[in-house]
1. Full extension from residue 84 to residue 245: what is 0.36 nm times the residue separation minus their Cα-Cα distance, to one decimal in nm?
2. Can you put 40, 238, 154 in order, fewest other beta carbons within 10 Å first?
3. Multiply the residue separation of residue 199 and residue 114 by 0.36 nm, subtract the distance between their alpha-carbon atoms, and state the gained length in nm to one decimal.
4. Determine, for 173, 81, the number of other Cβ atoms within 10 Å of each Cβ, and report the residues in order from fewest to most.
5. Once label points are set 7 Å from the Cα along Cα→Cβ at both residue 124 and residue 73, what is their separation, rounded to one decimal in nm?
6. Using 0.36 nm per residue of separation minus the Cα-Cα distance, give me the extension gain between residue 178 and residue 66 in nm, one decimal.
7. Can you check what the Kirkwood hydrodynamic radius comes to for the stretch 52-108, Cα pairs only, in Å to one decimal?
8. Could you let me know the centre-to-centre spacing of the stretch 143-208 and the stretch 69-100, using Cα atoms, in angstrom?
């Protein structure tokens, strides 16, 4: 539990990194200037405990097995090398092997979404946020729309900015964010971003966005690479929460 917090489960989920936690009016004050809300998709708008990302991850490995004729272990090692070096496996494959992006994206996002169900609490929390809402993803627009539709929140977003719109520059590359800002007229200092990968918040923080790291819920197993795992204390993380929906609900003052 963060130092200075009362023994309250919500307290540990709403915190300023390295400082006593803040709740209620103080949280709302820190977001009072925000009129644009930017959301990552995978493992952010839905919990990391669901099986969607592991399915996509496995499809990427299968794509590489078929492309290179390597065994599964070698393909996965190469996959993760490209992911770490280029931001996405796709960009590494495009640069080093000339792989067609559309073919890759269609293959890896061809997954069963049946584990997703409408999340009415999430929908209400997003709807209550004042201003614009957009999705910023390293995946495809089609995957984002299908996923948001399953969650019952697709109609809430003004736009989806995907890897194709970014000219295949992936987060955390600065160019991906600049293209996003330019295309949608985003003023970073009046915007907040929600993201589950810590390094993807570095550039947004530098540009003045209010950054929120969405962490696994208590008791969830960690499915990411060790180097991806963050503790929420990095200086470019303004807030960290393991209760995403609760955090959103806490940003809007409730009528008495």
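1. 55.1 nm
2. Going from least to most buried by this count: 154, 238, 40.
3. Fully extending the segment from residue 199 to residue 114 adds 27.6 nm.
4. 81, 173
5. Between residue 124 and residue 73, the simple spin-label model gives 5.1 nm.
6. 36.9 nm
7. 11.1
8. Answer, in whole Å: 23.
Each reported figure results from applying straightforward, stated rules to the coordinates on display, with no laboratory input. Just so you know, these numbers come straight off a predicted model, no measurement behind them. Here the Cβ is made from the backbone with ideal geometry for all residues, glycine too, and neighbour counts use every protein chain on show.
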